[in-house]
Amino acid sequence: FQNEINEVPFFDVQLPYELALKIFQYLGKAELGRCAQVSRTWKVLAEDEVLWYRLCQQEGYLLDTSISDCPCWKLALKSCRAKERTLKTNWKNRVGAVSQLQYELGKILCDVHSCDGVVIAGYTSGEVRLWDTRTWDYTAPILEPMHSPGDAGPQPHVSFVRINSSLAVAAYEDGTVGVWSLMFGREPIHRYQHNQRIQALALSAEGATVATASGFEVKVESPNDRGFWQTTETFEIQKLVNFLNLVPDVTGSPVTVAAAEDVVYLLKAEDPGKILHSVYGQPVTCLDVSAHEAAFGVKTFGWLLNEPNQILLYNLETSQCLKKMGNSMGDFTCVNLQNSPPNMLVTGNKDRRVRVFDLRKSEPLCSFYAHQLGVSAVQMDDWKIVSGGEEGLVCVWDQRMGTKLWEMHARHPVRHVWFNSHSLITANIPDDKTPRGASIADDDLTAHRKHRGIIYAYEFSVDQLAVESVLPICRSSYDEVTGYNYNIGLAVPYDNI
């Protein structure tokens, strides 16, 4: 019937179908629904797949699909919106499943990072583990170590770990850096060595570029056209680097932003020693970069200069300071610019507050009294904020209402927070890697569990069936022997026991 319509009645004129479709493409969902009630011809026009496919794409749903992939795009948009509403309700009410990504060899957690639900963790044993939290049956492969077991003495601790969609990187206490490909097995594809301890590690959000800072040297490594890894750039800096970030979405040679005490450097191949910001006696306390901007906190001495601690926003192309934000007596301990909505930025402070800034204003949009010992990790999206504190508390906030939705507590400071629409990953990492009086030996696997640190994975998705949303330990099939990890082998339903 639709193909036979050549003339569409538009009040007192008759229009061709294609022209009428172009007019209807400016309407929203409610207007299309009203137009569908005018006449049979307008109903066919208002329910055209092209219109609803475009609406689906505009609202950010099913972006990787073509118009032929779905028989009814109106129903597809409806189901996507219903799923999003349910997900938001699950987030607010903490409906879902939580799992601990535990590693039970008696060693202590050193660093955690995640990307799209894949988690990497480094331990004091020198081992690096991966979890894919997108599937419930977690298998945690150990990446092949950089140091062979036959090396004399204990294995060096892992200092830093980073992961993106294709690479995993780990830096060790002895200055070694290992790079693994997530697609080609567990063997490292590249390694290089610094002479001193590594202070900072950065991995590009996409692509294959690794930057490390050791002593007064910043080294950038990436593969060439033939896939062979090489040192792309080496920069000499006058001070010790505290924070290091690679600028995302850069064409050509990589661009690195490094904060060294009270100086922020913009390290490019054509301009190796460019100083972005420098004020003597005002050290940088946190750093984050996006494709075009860098945000960092500076610590000032209010009693001397009558100027409180602030967040500075710089344009990376013009090297100009765009904005000075904040007015706090406490140090800014964390800032998240890259994962925040456009023109937004979220910060955490030692004064125990989480602040959200609009980059077009200087005053914060909202400020929450969040934690008891200072904020250590933050991330936000368009309606919620997740913050972690030094006391081990993870809080989820409704940004517009300014209220706390729920919280979870663990023993150690929260050092990593990451979430997307349906999952949340948090890591509580101990500050003390060698607790006194705790003989953590490999043969005593259950001792001193409280010292180890913990990684939590939350899943709020509604796609899973009721059985699949049960924790993996409760879906065990009795195949495993009960052991040190207290796997008691529960079954569901319980009358099978």
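Cβ-Cβ distances below 9 Å connect the following pairs, each with a first residue in the range 220-232 that is more than 8 Å from T209 (Cα to Cα), a second residue that is loosely packed, with under 10 Cβ neighbours inside 10 Å, and a separation of six or more residues or different chains: Q230/N224; T232/N224.
Quick check on L130: is it at pLDDT below 90, under 20 Å from the mean Cα position of the chain (by Cα) and surrounded by 17 or more Cβ atoms within 10 Å (Cβ to Cβ)? Here the answer is no, as L130 does not meet what is asked.
Tell me whether the range 93-106 contains one or more residues that are open to solvent by 50 Å² or more (accessible area, probe 1.4 Å) and assigned to a helix (DSSP H, G or I). Yes - at least one qualifying residue is present in the range 93-106.
Return the only residue of L276, L240 being open to solvent by less than 30 Å² (accessible area, probe 1.4 Å) and either assigned to a strand (DSSP E or B) or among the hydrophobic types (A, V, I, L, M, F, W, C) (or both).
On the way: L240 fails: open to solvent by less than 30 Å² (accessible area, probe 1.4 Å).
Matching residue, one of L276, L240: L276.
Residue-level check: of (1) closer than 21 Å to F419 by Cα; (2) outside any loop (DSSP other than H, G, I, E, B); (3) open to solvent by less than 30 Å² (accessible area, probe 1.4 Å), I311 misses just (1). Out of L373, L322, L345, one residue alone is over 26 Å from G453 (Cβ atoms), among the hydrophobic types (A, V, I, L, M, F, W, C), open to solvent by 20 Å² or more (accessible area, probe 1.4 Å) and in contact (Cβ under 8 Å) with a residue 12 or more places away in the chain. It is L322.
Residues are listed down the side, and each one gets a yes or a no for (1) of a type in the set (D, E); (2) modelled with pLDDT of 85 or more:
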position	(1), (2)
E390	yes, yes
L405	no, yes
I454	no, yes
S469	no, no
I497	no, no
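Among the candidates D174, D225, D249, the residue that is within 19 Å of C110 (Cα to Cα), open to solvent by 50 Å² or more (accessible area, probe 1.4 Å), among the charged types (D, E, K, R) and not in a strand (DSSP E or B) is uniquely D174. Given the condition in the same structural domain as E407 (by the TED database), open to solvent by 50 Å² or more (accessible area, probe 1.4 Å), farther than 27 Å from Q399 by Cβ and in contact with an Asp or Glu (Cβ under 7 Å, 6 or more places away or on another chain), answer yes or no: does some residue in the range 73-81 qualify? Scanning the range 73-81 turns up no residue that is in the same structural domain as E407 (by the TED database), open to solvent by 50 Å² or more (accessible area, probe 1.4 Å), farther than 27 Å from Q399 by Cβ and in contact with an Asp or Glu (Cβ under 7 Å, 6 or more places away or on another chain).
The values are calculated or read from the model by the stated rules, or taken from the named source; none is laboratory data. Since this is a predicted model, take the numbers as computed values, not measurements. Using ideal geometry, Cβ is built from the backbone for each residue, glycine included, and neighbour counts are taken over all protein chains shown. Areas reflect the complete protein model, heavy atoms only, side chains present, ligands, DNA and RNA absent. Shrake-Rupley method; radii C 1.70, N 1.55, O 1.52, S 1.80 Å.
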